Amino acid sequence: RVAEGIVYSSPRVPVVSNVTGEVAGEELCSAAYWVAHVRETVRFADGVKCLRERGVTRFVELGPDGALTSLVHECLDGDEDAGMVVVPMLRKDPPEPESAVLALGHLYVHGAPVDLRSLFPEPGPYQHVDLPTYAFQRQRFWPEGVGVGVGDVSSVGLEGLGHPLVGAVVSVPGSGGVVLTGRLSVGSLPWLVDHAVLGSVVLPGTAFVELAVVAGDRVGASRVEELTLHAPLVIPEQSDVQIQVVVDEVEQETGVVWPVSVYSRPYEDDRAECEWTRHATGTLVSAASSVPPDGLRQWPPTDAEAVSIEGLYDWLGEIGVSYGPVFRGLRAAWRSGGDVFAEVALADAVVGDAAGFGVHPALLDAALHAVGLGEFFDDDVVVPRLPFVWSGVSVFASGAAVLRVRVSRVGDGVVSVLVADASGVPVASVDSLVLRPVAVGELS
């Protein structure tokens, strides 16, 4: 009689029934269901398994304590329990506001979207301060990979750099320039094998940008004014490649401009006889007065339409660009007008390496995959296209493992790119990037 005296409405969110252990429907609007809910067996374990089978990885217990939280783990076996986050919103003894905020923080650091700003509405006797976007530092004790280490380069008159791509630097007397040097191989950098174009492992164009940014840091240049890629750098399967980044200083009326070039040659016993190949040239400038652009705090944009990314990497493989797991970082995408917005993340296998880069080349390369989801080319030619000319590249923060991306059309085959961290704070920007087709013969 009590149950029949209550007015019921359909749920606004999906509900898994404790009566059946399955997703409930209109039966929730009947008095008979709630009588059964009181009298019959509670199928809690079946309900947890039902949610897990539907991809649920975050459980939040709403109640006066955390009694059900431990039961969630007991309902699942080892494989099903992997990657689960189970959080009680309240605890028995601590103050409720403290417990609730702690639970929200726990969810936030595990990837759940939480609007913490609503706790401190404006105006108020406080101000919001953005936290730095670099990763928390930690020290590793066990070596990874099978490559050759850098060793003590100071014993031969070089300065250690500690960068994954270039391990040493030497200053050029009298010019203010520097030379950065390193060795690349699929043994020391195994993630490179996941970037193949027309059957060859190719150093991504984003790695050349990273090299230019690192070189700029050494001479006080904060912006890559232009970087043109002349020839792809193919990484051999069984040997190393020696690379050098050469920076010279030239005084100009408008300020200081540093020409930069990137070279490589095979790292072999007779390498003294091997010619250097010039892969990229450009200029670095000091832009002390530059201000980071507006970020991407509203996410996704309110007027954007979701775009399916299913099959994108299969299609890229069909036209000759084969991406392995490390470079398949595109997670979601949207379109708004002529712009494409995307969310990209580093693979777990390399997320620990993010702090060593300004922007990890695999992460920035994944940001460019959004180009394949927009209308940025006037022709309908379906061929591999690689970065050709980068202009106006600035890096504002380092170590990000997740990025928000906006790609905008500048011209035929020319785009601008803005990337921000998971909170929308700018990480890097590219004023323009020219993409050009690549032919098989260029990778021989």
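Out of all the residues in region 293-331, which are open to solvent by 30 Å² or more (accessible area, probe 1.4 Å), aliphatic (A, V, I, L, M) and outside any loop (DSSP other than H, G, I, E, B)?
306, the sole residue that qualifies.
Of (1) modelled with pLDDT of 85 or more; (2) touching a Lys or Arg at 6+ places or on another chain (Cβ under 9 Å), residue 80 satisfies all except one. Which?
Looking at each condition in turn, residue 80 falls short on (1).
Residue 353 is checked against (1) open to solvent by 40 Å² or more (accessible area, probe 1.4 Å); (2) over 18 Å from residue 399 (Cα atoms) and fails just one. What number does that condition carry?
So residue 353 meets the others, but not (2).
Which of (1) over 30 Å from residue 175 (Cβ atoms); (2) at pLDDT below 90; (3) open to solvent by 20 Å² or more (accessible area, probe 1.4 Å) is the odd one out, the single condition residue 249 does not satisfy?
(1) is the only condition that residue 249 fails.
Could you count how many residues in region 392-407 are surrounded by fewer than 19 Cβ atoms within 10 Å (Cβ to Cβ) and closer than 20 Å to residue 279 by Cβ?
Count: 0.
Is one or more of the residues making up region 77-90 open to solvent by 30 Å² or more (accessible area, probe 1.4 Å), without any contact (Cβ under 8 Å) to a residue 12 or more places away in the chain, within 30 Å of residue 425 (Cβ to Cβ) and within 31 Å of the chain's Cα centre (by Cα)?
no
Mind listing whichever residues of region 1-42 are assigned to a helix (DSSP H, G or I) and open to solvent by less than 50 Å² (accessible area, probe 1.4 Å)?
3, 28, 29, 31, 33, 36, listed by residue number.
Looking at (1) open to solvent by 10 Å² or more (accessible area, probe 1.4 Å); (2) modelled with pLDDT of 90 or more, can you tell me which one residue 173 breaks?
Residue 173 satisfies every listed condition except (2).
Just for region 224-246: of the residues that are outside any loop (DSSP other than H, G, I, E, B) and touching a helix residue (DSSP H, G or I) at 6+ places or on another chain (Cβ under 7 Å), which one is most open to solvent (accessible area, probe 1.4 Å)?
Checked region 224-246; the qualifying residue most open to solvent (accessible area, probe 1.4 Å) is 234.
Which pairs do you get when a residue that is open to solvent by 40 Å² or more (accessible area, probe 1.4 Å), found in region 53-69, comes within reach of a residue that is charged (D, E, K, R), reach meaning Cβ atoms under 9 angstrom, with the pair 6+ apart or on two chains?
Pairs that qualify, where the first residue is open to solvent by 40 Å² or more (accessible area, probe 1.4 Å) and the partner is charged (D, E, K, R), are 53/80; 64/91; 64/92; 65/91; 65/92; 67/61; 68/61.
Per-residue answers, yes or no, for (1) farther than 26 Å from residue 215 by Cα; (2) more than 13 Å from the chain's Cα centre (by Cα); (3) open to solvent by 20 Å² or more (accessible area, probe 1.4 Å); (4) modelled with pLDDT of 90 or more:
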| residue | (1), (2), (3), (4) |
| --- | --- |
| 333 | yes, yes, no, yes |
| 338 | yes, yes, yes, no |
| 363 | no, no, no, yes |
| 366 | no, no, no, yes |
| 378 | yes, yes, yes, no |
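A quick yes/no check of all residues on (1) closer than 20 Å to residue 165 by Cα; (2) touching a Phe, Trp or Tyr at 6+ places or on another chain (Cβ under 6 Å); (3) outside any strand (DSSP E or B):
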| residue | (1), (2), (3) |
| --- | --- |
| 340 | no, no, no |
| 343 | no, no, no |
| 353 | yes, no, yes |
| 372 | no, no, yes |
| 380 | no, no, yes |
| 390 | yes, no, no |
| 393 | yes, no, no |
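The values are calculated or read from the model by the stated rules, or taken from the named source; none is laboratory data. Since the model is a prediction, treat every value here as computed from it, not as a measurement. Please note: Cβ atoms are built from the backbone with ideal geometry, for glycine as well, and neighbour counts cover all protein chains shown. All accessible areas refer to the heavy atoms of the entire protein, side chains included, with ligands and DNA or RNA removed. Shrake-Rupley method; radii C 1.70, N 1.55, O 1.52, S 1.80 Å.
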